[in-house]
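S.K.: Take a look at the following structure, please.
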Amino acid sequence: MSELVFFCGTMDCGKSTLALQIEHNRSARGLVGMIFTRNDRAGQGKLSSRLGLVTDAVEVEDGADLYAHLVDHLSQGRRADYVIADEAQFLAPEQIDQLARVVDDLDLDVYAFGITTDFRSKLFPGSQRLVELADRVEVLQVEALCWCGARATHNARTVGGVMVVEGAQVVVGDVTGSTDEIGYEVLCRRHHRRRMTAATARAAALAPDVLPVSSG
Ligand SMILES: [Zn+2]
């Protein structure tokens, strides 16, 4: 029985690394995957992990029909034994419905990988639809850590190291250290609620008199 599986977690929890591992294990058994991604850090049409591995993928455009893409691919006599969808939080809810149809009507396993919540700790629409439709939701156990050492459960967006809580849901960025660059950082809930990033915490440690008065 084919399955729609949603592997989820925060940023930096090893999702793309696991996606590449699943792809590697199946291709070593002679299976061929259809790999979808969207807005990967390595650029269009790539699935990459922070550990430096990368493979080619189909970049999902706005309005693309993933079910139709598979049907078209198979009807040309080409192979697809399973499907990987990385950065699935960026897919539209209807594209998640199409992936469920791939499982049910084409009898292919679909492994979706995504961040559950955005920088405001709200569910991404694509992730919400996956939680609603998946046969299985696996929360990845490769745990990302907050700067304080606690388990990081929340994604923060930063501008110049300072956490922001407003803005568009999807802005692709990376931590580069440049001053007003948009970056992302994983935090524990306590520090996400206090908007305390590594840079803010460092600054506060250097100037203890500006620490906000806070209990607990
Ligand atoms: Zn923390």
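The values are calculated or read from the model by the stated rules, or taken from the named source; none is laboratory data. Small disclaimer: the values here were computed from a predicted structure and weren't measured. Note: ideal-geometry Cβ built from the backbone for every residue, glycine included; neighbour counts use all protein chains shown. When the accessible area is computed, the model is the full protein with side chains, heavy atoms only, and any ligands, DNA or RNA have been set aside. Shrake-Rupley method; radii C 1.70, N 1.55, O 1.52, S 1.80 Å.
S.K.: Which order do E185, E166, E138 take when ranked by solvent-accessible area (1.4 Å probe, heavy atoms of all protein chains), largest first?
M.R.: Putting E185, E166, E138 in descending order of accessible area: E166, E138, E185.
S.K.: Using amide H atoms built 1.01 Å from N in the peptide plane, name the residues 5+ places from A80, or on other chains, whose amide H lies under 5 Å from its own.
M.R.: Here the answer is none, since no amide H 5 or more places off falls under 5 Å of that of A80.
S.K.: Something else now. Dipole magnitude of the range 1-77 about its Cα centre, charges +1 at Lys/Arg Cβ and -1 at Asp/Glu Cβ only, in debye to the nearest 20?
M.R.: 380
S.K.: For the range 1-127, state what percent of all Cα-Cα pairs lands in each successive 5 Å bin, counting from 0 Å until the bin that includes the largest distance.
M.R.: Each 5 Å bin holds this share of Cα pairs: 2, 11, 22, 25, 22, 12, 4, 1, 0.
S.K.: Given R₀ = 35 Å, FRET efficiency for A207-A150 by Cβ-Cβ distance, to 0.05?
M.R.: That gives a FRET efficiency of 0.90.
S.K.: Place a +1 charge on the Cβ of each Lys and Arg in the range 65-134 and a -1 charge on the Cβ of each Asp and Glu, then give the dipole magnitude about the Cα centre in debye, rounded to the nearest 20. Intermediate results must be reported in sequence, preceding the final value.
M.R.: Values: 6 positive and 13 negative charges, 46 e Å.
Dipole of the range 65-134, to the nearest 20 debye: 220 debye.
S.K.: OK, next. Ranked from the most accessible area to the least, with a 1.4 Å probe and all protein chains present, what is the order of D65, D105?
M.R.: Values: D65 70, D105 90 Å².
Largest accessible area first, the list is D105, D65.
S.K.: Another question, if that's okay. Assuming R0 = 22 Å, can you tell me the calculated FRET efficiency for the pair V170 and S2, based on Cβ-Cβ distance, to the nearest 0.05?
M.R.: With a Förster radius of 22 Å, E is 0.15.
S.K.: Where the eigenvalues come from the Cα gyration tensor of the range 145-206, what are the semi-axes √(5λ) of the equivalent ellipsoid, largest first, in whole Å?
M.R.: 17, 14, 10
S.K.: So, one more: Assign one of three labels to the range 11-56, namely rounded, prolate or oblate, based on the Cα gyration tensor with a ≥ b ≥ c the square roots of its eigenvalues; rounded applies when a/c is under 1.5, prolate when it is not and a/b is larger than b/c, and oblate otherwise.
M.R.: Oblate, because a/c is 1.5 or more while a/b does not exceed b/c.
S.K.: Can you give the three extents of the C-alpha atoms in the range 54-178 along their principal axes, from longest to shortest, in whole Å?
M.R.: Its Cα atoms span 51, 27, 26 Å along the three principal axes.
S.K.: I want to check the label-to-label distance for Q128 and Q21. Put each point 7 Å from Cα in the C-beta direction and report it in nm to one decimal.
M.R.: That separation, rounded to one decimal, is 3.1 nm.
S.K.: Between V137 and residues 5 or more places away or on another chain, which pairs have amide H atoms under 5 Å apart, with H built 1.01 Å from N, and which residues are they?
M.R.: F6
S.K.: In the full protein assembly as shown, how much of Y184 is accessible to a 1.4 Å probe, in Å² to the nearest 10?
M.R.: Estimated to the nearest 10 Å², Y184 gives 40 Å².
S.K.: Next question. On average over all directions, what projected area in square nanometres does the chain have, based on the convex hull of its Cα atoms? List each step's numbers first, then the result.
M.R.: Details: hull surface 52.6 nm².
So the mean shadow area of the Cα hull is 13.2 nm².
S.K.: Work the Kirkwood hydrodynamic radius out for the range 35-110: mean of 1/r over every pair of different alpha-carbon atoms, inverted, in Å. All intermediate terms of the calculation are to be shown ahead of the outcome.
M.R.: Numbers: mean 1/r = 0.0782 Å⁻¹.
It works out to 12.8 Å.
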